[in-house]
Amino acid sequence: MIRHRPAGSGHPFSVDTEQREPYFPVAGEPLVLGVRTSPGVTGVELELERHRPGESATSAVLPAEAVERTSRGQTIDGGHLASAQARLARSSGGWRVVLDDLVADERIRYRFAGTRADGTTERTRWFEAPVHAWRDAADSGVSTEASGGFERLVPGSVRVLTDGERVRRVAFALELAPTEHVTGFGERFDTVDHRGSEVDSVLFEQYKSQGAERKTYLPMPFAHVVGGEGWGFHVRTSRRVLFDVGAADRSRLAVEVETDAPLESAEPWVDVALYPGDPTSVLDAFLTEVGRPTELPSWVFRLWASGNEWNTQHEVMLQAELHREHDIPVGSIVIEAWSDESTFTVFRDARYQVAADGGPLTLDAFEFPAEGAWPDPKGMVDELHARDIRLHLWQIPLIKMRPHPAGQVRADAEAAVRENMLIREEAPDGTIRPYRNRGWWFPLGLMPDLTDERAARWWTEKRRYLVDEVGIDGFKTDGGEHAWGRELLYLDGTRGDEGNNRFPVAYAKAYGDLLERSGKAPVTFSRAGFTGSQAHGAFWAGDENSTWEAYRWSLNAGLSAAACGILYWGWDIAGFSGDVPDAELYLRASGTSVFAPIMQYHSEFNHHRLPSRDRTPWNIAERTGSAEVLPVFREFAQLRERLVPYLTAAAASSIRSGRPLMRPLYFDHGHDERVWEHPLHWYLGDDLLVSPVVQPSETTHEVLLPEGRWVDAWTGEESRGDRMLERPTPIGEVPVYVRAEAWPALGELFPGGA
């Protein structure tokens, strides 16, 4: 075997062995041509033809050097599952040739030949590629729409990467003033202020350590520029955008946008919206364009609870009962491991006749054995509803193809192919075939095109009986990051470089539409998203370890997401992965989550090994031996219940005004440099100021009190604002201050006002 794939696997942060890098060759830059071979190949050569302008064609045979094989980002992130590491040991080899003398407008034609030990030769097919060059372009190539003559485009900064016919990238710069800070860009874990750093807008599943890797599930090419005259911008594209936020030149925000447009065009290659004004005005203008959050019912503000090992009806009801026994109110339970792990539409152990046409089933089609994992799903849901608990079921937007599908999943896969419901891809030889998931999680799965209304309805109607008859209240719409590669083809003709970032938006919308067709609120709980996700349900910050560092990263993510219009947001309290957090981290994070839009805990699957790694407060109390965990968590959860009316009203106001529910202080005090020195402060609604404890062993905490009069929510003590304040930090108190004018109404919710 000898294989060359010019676009590789589509991994946005890793170059595969068999890839052409860069995909569009650039004059004056090295071009790496790679190939992967089976173990029997002992040598590889590149057969190369070159056609330079004004010169005769030349040909050459160049020896390839052996290199360590990489694929699908293995050397960078190791894949989603631990079992992926075993695939690193596969013995196929890698080879490459580097060309470092490319010139503008030249065309290359090449193929690889591999020689085996027995002297036989195997060749790839021929590949062709034009060489591109960066060229200066007119400023009119970038449209910077703004009101009142506001302009930030640096004159003469527009350049294009082109082969003389098509424009592949457009680069330009926006002016930055010395006092300005740049924030937003979707959900960002590493920092709140991105001045001096580099950011991009590609969707990616980074399993843990998002802050260290600077990768995100929910990017947006939108940002606020705060601290000067006030403005923001939105690069109106779903393609990848790279931002140098004053890193190379502090006076410039350099932008590079992927595109595919004719060089000779009457229309601009890139469209940028500029929004002058303060952050609220900027966000309001952005949301008017891309869509505002849909108001969700007040119960979403109650505690959410889940664990990946709650995988039987008995266990779910036990956990519900334990909440009641410990007097810890819970509003929603999420069951992740509920299905047969094949169809993701059928409860595990259920008996039924396969719908050969891949059509939807109804509840009466199933028999639930008394000895099975889920003997009475509807009865379970009815009992949870009687306890005022909503139920949500986990989903994945893939048709699982490993192991080889049988039964209903096989019928579903055949129907999806037959009825043209899938995302497809164009192979290197030009053939069109169904796209097979390239990530390590559910490898080779088929992916329904949920951006297409017909396909989305076919997919979600298979789940309708769960809503209409079983009575579930929402879906955890996990894993929207699996569309990799520019050569993907969506049903409307969009290619992957333009459509992949849009997929998670359509995914959440499809499930929200299903819920609304059944007369329910569109409550989805998603990890992935992009511009437009604001209108579709709630979000959590994804998979993370139980560490203080991850806790801080998650708060960066929440504030960044909020600045971009994501209203209903939370994170896994104190992380979901690894050994359980210590009591201090668990309670600090739990207290902080009381004052985030979504309060929820979750734990990763641990193969039911003991001791348990559940993040329930009773398990944390047992594992840590701390007598404080249960009573303190109980007080936090009961406080959260009392805050639900306040949060509901504040969310409705946020939707109307564009002011985030979880609002970074720079929205109101952007010219106060102290807010950038204390970025993890926020307003929750208009009347609560939150300053969480995010360092271990902290006995006193520094709070930035904005101007005005404030009341300590726990002690009732009033303080003047516009100053730094030190307060003690008992484990059961989060530094929270209530605007003095609101204290008569809100004080009774807190112990300090009792």
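Just a few scattered comments:
- Each residue in the range 427-451 was checked for being out of contact with any helix residue (DSSP H, G or I) (no Cβ under 7 Å at 6 or more places or on another chain), at pLDDT 95 or above and within 16 Å of N500 (Cβ to Cβ), and 5 pass.
- Filtered by the rule that a residue be in contact (Cβ under 8 Å) with a residue 12 or more places away in the chain, part of a loop (DSSP other than H, G, I, E, B) and surrounded by fewer than 16 Cβ atoms within 10 Å (Cβ to Cβ), the range 24-70 gives G28, E29, P30, S38, P39, G40, P53, E68.
- Residues of the range 174-207 satisfying the condition of being in a strand (DSSP E or B) and either outside the structural domain of T237 (by TED's automatic domain parsing) or within 27 Å of the chain's Cα centre (by Cα) (or both): L174, H181, V182, T183, G184, F185, G186, D193, S197, E198, V199, D200
- Filter pass, T216 being among the β-branched types (V, I, T), closer than 22 Å to G485 by Cβ and buried (at least 24 other Cβ atoms within 10 Å of the Cβ): yes
- For the range 640-680, a residue qualifies if it is buried (at least 22 other Cβ atoms within 10 Å of the Cβ), closer than 25 Å to R302 by Cβ and without any contact (Cβ under 8 Å) to a residue 40 or more places away in the chain, and exactly one does: A650.
- Residue under evaluation V270, criteria (1) more than 23 Å from W134 (Cβ to Cβ); (2) crowded, with 21+ Cβ neighbours inside 10 Å, criterion not met: (1)
- Residue check for G430: surrounded by 13 or more Cβ atoms within 10 Å (Cβ to Cβ), on the phi > 0 side of the Ramachandran plot and not polar (S, T, N, Q): no
- Exactly one residue among V257, V241, V270 is touching a residue at least 40 places away in the same chain (Cβ under 8 Å) and touching a Pro at 6+ places or on another chain (Cβ under 7 Å), and that residue is V241.
- When the test is whether a residue is part of a loop (DSSP other than H, G, I, E, B) and among the hydrophobic types (A, V, I, L, M, F, W, C), W458 does not pass it.
- Yes/no for E151 being acidic (D, E), in a loop (DSSP other than H, G, I, E, B) and touching a His at 6+ places or on another chain (Cβ under 8 Å): no
- The number of residues in the range 95-118 being among the β-branched types (V, I, T) and either without any contact (Cβ under 8 Å) to a residue 60 or more places away in the chain or under 20 Å from R135 (Cβ atoms) (or both) comes to 2.
- Of the candidates R609, R613, the single residue that is free of Cβ contacts under 8 Å to residues at least 24 places away in the same chain and basic (K, R) is R609.
- The one condition in (1) free of Cβ contacts under 8 Å to residues at least 60 places away in the same chain; (2) touching a helix residue (DSSP H, G or I) at 6+ places or on another chain (Cβ under 7 Å); (3) surrounded by 24 or more Cβ atoms within 10 Å (Cβ to Cβ); (4) farther than 19 Å from S697 by Cα that L567 fails to fulfil: (1)
- Selection status of N556, outside any loop (DSSP other than H, G, I, E, B), among the polar types (S, T, N, Q), touching a residue at least 12 places away in the same chain (Cβ under 8 Å) and crowded, with 24+ Cβ neighbours inside 10 Å: no
- Qualifying positions in the range 66-115 - modelled with pLDDT of 95 or more and basic (K, R): R96, R107, R109, R111
- For F595, the criteria (1) within 23 Å of Y646 (Cβ to Cβ); (2) touching a helix residue (DSSP H, G or I) at 6+ places or on another chain (Cβ under 7 Å) hold in every case but one, which is (2).
- Members of the range 726-750 found to be surrounded by fewer than 20 Cβ atoms within 10 Å (Cβ to Cβ), in contact with a helix residue (DSSP H, G or I) (Cβ under 8 Å, 6 or more places away or on another chain) and free of Cβ contacts under 8 Å to residues at least 60 places away in the same chain, listed by number: G747
- Here V300 does not fit the description of being under 23 Å from the mean Cα position of the chain (by Cα) and without any contact (Cβ under 8 Å) to a residue 60 or more places away in the chain.
- From T312, T288, residue being under 29 Å from T477 (Cα atoms), surrounded by fewer than 18 Cβ atoms within 10 Å (Cβ to Cβ) and out of contact with any helix residue (DSSP H, G or I) (no Cβ under 8 Å at 6 or more places or on another chain): T288
- With a requirement of 3 or more residues that are over 21 Å from E584 (Cα atoms) and over 34 Å from the mean Cα position of the chain (by Cα), the strands (runs of 3 or more DSSP E) lying completely within the range 702-754 that satisfy it span 709-712, 718-720, 723-728.
- Verdict on L647 being hydrophobic (A, V, I, L, M, F, W, C), closer than 30 Å to P276 by Cα and in contact with a helix residue (DSSP H, G or I) (Cβ under 8 Å, 6 or more places away or on another chain): yes
- Identity of the residue in the range 1-18, of a type in the set (A, V, I, L, M, F, W, C) and part of a loop (DSSP other than H, G, I, E, B), that ends up farthest from L488 (Cα to Cα): M1
- Check on L689, in contact (Cβ under 8 Å) with a residue 40 or more places away in the chain, in contact with a helix residue (DSSP H, G or I) (Cβ under 9 Å, 6 or more places away or on another chain) and either aromatic (F, W, Y) or not assigned by TED's automatic domain parsing to the domain that holds T183 (or both): no
- Residue check: E315 meets all listed conditions (1) within 30 Å of A173 (Cα to Cα); (2) free of Cβ contacts under 8 Å to residues at least 12 places away in the same chain but one, namely (1).
- Pair list, Cβ under 8 Å, 6 or more apart: the range 126-140 residue under 11 Å from V167 (Cα atoms), other residue small (G, A, S) and surrounded by fewer than 16 Cβ atoms within 10 Å (Cβ to Cβ): A133/G28
The values are calculated or read from the model by the stated rules, or taken from the named source; none is laboratory data. Predicted model only: the values in this text are computed from it and were never measured. Positions of Cβ are backbone-derived with ideal geometry, glycine not excepted, and every protein chain shown enters the neighbour counts.
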